[in-house]
Amino acid sequence: MNMLVIGSGAREHAIVNALQRSSQNPTLYCYATTRNPGIYAQVKEYWIGDICDNEAVARMAHQWKIDIAIIGPEAPLECGLADVLWQYGIPAIGPRRKMAQIETSKAFTRHLLKKYRIPGSLDYRSFSDLSGVRNFLQALGHDKYVIKANGLMGGKGVKVAGDHLHSINEAYQFCEELQKAGQSFVIEEKLIGQEFSMLCFCDGNSLIPMPLVQDHKRAFINDTGPNTGGMGSYSDADHRLPFLTEKEVEQARHINESVLDALTAEFREKCIGILYGSFMATQNGVRLIEYNARFGDPEAMNVLAILESDFVAICKALVTGTLQRSQVQFSNLATVCKYAVPEGYPDQPLKNEVIDVSGIKNPEQLYFAAVDERAGILYATGSRAVAVVGVAETLTAAEKTAEAEINCIKGKLFHRSDIGTAELIERRKQHMRELRQCYG
């Protein structure tokens, strides 16, 4: 079994680790943008190039006689890489371009929910120019809106009223910036509650959920600072999250299943790969924030670290439409993931700074992201650099492990020390208790 992983971040490092644990002993290949040392050490061939050059990737996959390709990042999905791989006769885990709009276009997702009357939507308008922007902002209220770039911006194309935008004028200026950058955009009502991610394996016929995860988008402790691609995440040993009720979990699952049905009806083809909703538990039930059509980063590290099942067998079942719930088993363990990022991240990150990971005690749970290895020296290239995952029977123990490990990484880096701590989780729980009491 020859398997290709496309991408060179921490998410792809986690995917390669999971494939290597398979008893089927697959031969692994990687088509990457930089040299990730964690991936490089585990694959037979490693090619550096443009992962959005569909023909180049497909030709190399054909040359390597790849049996299954796994598309890691979102950009190749937007470019239609899955379509081209299937044309070459190479099954791809990752939806075709039309299906991938569920992630690559915020407006498409909102329109889909509205068209198929899927619960969890909210008040929104999509804009291709600035006409009507001020009126809609004023209608929502001066601190009750969120502005999102319609297309992909690495998790950084979102600004929230009251946190990043403090007046209608500031909001309008951000819309102007997006338009100048060639982006259409969506303005939505602001939700109050707690975010969570429900990732699912999707074989085109059904969805099988993974453990729930909570990501932390803000750069600094106590959820302050600008949005990022994700500073870290945690999952609990029971595969739920401490602040959610069973009813809220079921609401999220129903939305995921309804979206798959809607995509299938809309395009008359199968969605194969990873489908997951980013949700908000609010006083009025679960609402959809956005969708993703691939493993989340950092969520991939949480769920794949405790995947007990054979990942190669899962991949085979995904591309053949034969996945069964019994094939997907996770250990009943808690996980805490923390990212070390360059000083100045995300707005003005230091670049090409040397980092040292030699002090790490558990290298199996060390994941390389935006790094490059040159002559045996590791450089942080400007985005999230290195992630660690603590795995234990309790969240408290998992957090202590992750914190101890990330403090062993040397360089001009910082991380969020509060992710997964009992104090932060208790604040999440208290927040939801107060919302439920106020609104019944």
Residue in the stretch 123-130 that is in contact (Cβ under 8 Å) with a residue 12 or more places away in the chain, buried (at least 16 other Cβ atoms within 10 Å of the Cβ) and closer than 30 Å to Thr245 by Cβ present: yes
Segments classed as strands (runs of 3 or more DSSP E), wholly inside the stretch 192-267, with at least 1 members that are over 27 Å from Ala402 (Cβ atoms): 193-203, 207-209
Residues satisfying the stated conditions in the stretch 1-33, i.e. β-branched (Val, Ile, Thr) and surrounded by fewer than 17 Cβ atoms within 10 Å (Cβ to Cβ): Thr27
Positions within the stretch 230-247 being open to solvent by less than 10 Å² (accessible area, probe 1.4 Å) and out of contact with any Leu (no Cβ under 9 Å at 6 or more places or on another chain), in sequence order: Gly230, Met231, Gly232, Ser233, Phe243
Out of Gly344, Gly376, Gly390, sole residue that is of a type in the set (Gly, Ala, Ser), at pLDDT 95 or above and on the phi > 0 side of the Ramachandran plot: Gly344
Strands (runs of 3 or more DSSP E) contained in the stretch 274-357 and holding at least 1 residues out of contact with any Gly (no Cβ under 7 Å at 6 or more places or on another chain) and open to solvent by 10 Å² or more (accessible area, probe 1.4 Å): 285-292
Residue in the stretch 342-352 that is over 24 Å from Arg35 (Cα atoms) and free of Cβ contacts under 8 Å to residues at least 24 places away in the same chain present: no
Top-ranked residue in the stretch 170-191 [being among the charged types (D, E, K, R) and not in a loop (DSSP other than H, G, I, E, B); ranked as least open to solvent (accessible area, probe 1.4 Å)]: Glu188
Scan of the stretch 131-154 for residues that are open to solvent by 40 Å² or more (accessible area, probe 1.4 Å) and outside any helix (DSSP H, G or I), ordered by number: Ser131, His142, Asp143, Lys144, Leu152, Met153, Gly154
Residues (under 16 Å from Cys202 (Cα atoms) and open to solvent by less than 10 Å² (accessible area, probe 1.4 Å)) located in the stretch 72-92: Gly72, Leu77, Ala82, Ala92
Condition met for Leu378 (assigned to a helix (DSSP H, G or I), surrounded by 18 or more Cβ atoms within 10 Å (Cβ to Cβ) and hydrophobic (A, V, I, L, M, F, W, C)): no
Residues within the stretch 205-224 that are among the small types (Gly, Ala, Ser) and open to solvent by 10 Å² or more (accessible area, probe 1.4 Å), tallied: 1
Neighbours by Cβ (under 7 Å, 6+ apart or cross-chain): first from the stretch 76-92, closer than 11 Å to Ile6 by Cβ; second among the hydroxyl-bearing types (Ser, Thr, Tyr): Leu77/Thr104
Per-region count, the stretch 192-204, residues among the charged types (D, E, K, R) and surrounded by 21 or more Cβ atoms within 10 Å (Cβ to Cβ): 1
Subset of the stretch 38-57 [open to solvent by 20 Å² or more (accessible area, probe 1.4 Å) and in contact (Cβ under 8 Å) with a residue 60 or more places away in the chain]: Tyr40
Residue list for the stretch 399-440, filter: over 23 Å from Leu212 (Cβ atoms), at pLDDT 95 or above, open to solvent by 40 Å² or more (accessible area, probe 1.4 Å) and not in a loop (DSSP other than H, G, I, E, B): Ala404, Lys410, Phe414
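The values are calculated or read from the model by the stated rules, or taken from the named source; none is laboratory data. All figures in this text were calculated on a predicted structure; none of them were measured in a lab. All Cβ positions, even for glycine, are placed from backbone atoms using ideal geometry, and neighbour counts span all protein chains on display. We work out accessible area using only protein heavy atoms, side chains counted, and drop any ligands, DNA or RNA first. Shrake-Rupley method; radii C 1.70, N 1.55, O 1.52, S 1.80 Å.
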